Amino acid sequence: MLTGDRDPKTSLDDAQAWARHTTADSFEVKVYPGGHFFVSDQTDDVIKVLDEHFRG
């Protein structure tokens, strides 16, 4: 789960609560600086994280 540390729509607790909705062996919340659209400022790192996740 990726989230921004100043996201007015998703608190850190809300992001962590998503762990209840997965059957995956592990669940991790990665917090980036920024609000709801943190991806716009953290694009390179987000792409790297997604690439690592989907390539295994």
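At-a-glance table
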item	result
Extreme residue, surrounded by the most Cβ atoms within 10 Å (Cβ to Cβ), among residues of segment 13-35 that are assigned to a helix (DSSP H, G or I) and among the small types (Gly, Ala, Ser)	Ala15
Thr10 assigned to a loop (DSSP other than H, G, I, E, B), surrounded by 14 or more Cβ atoms within 10 Å (Cβ to Cβ) and among the β-branched types (Val, Ile, Thr)	yes
Every pair of residues 6+ apart whose Cβ atoms lie under 9 Å, when the first sits in segment 30-56 and is on the phi > 0 side of the Ramachandran plot and modelled with pLDDT of 95 or more while the second is among the charged types (D, E, K, R) and surrounded by 15 or more Cβ atoms within 10 Å (Cβ to Cβ)	Gly34/Asp7
Test: Gly4 is small (Gly, Ala, Ser), on the phi < 0 side of the Ramachandran plot and either touching a His at 6+ places or on another chain (Cβ under 8 Å) or touching a residue at least 60 places away in the same chain (Cβ under 8 Å) (or both)	yes
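The values are calculated or read from the model by the stated rules, or taken from the named source; none is laboratory data. Just so we're clear, the structure is a prediction, and the values are computed from it rather than from any experiment. Reconstructed Cβ throughout: ideal geometry from the backbone, glycine too, with neighbour counts over all protein chains shown.
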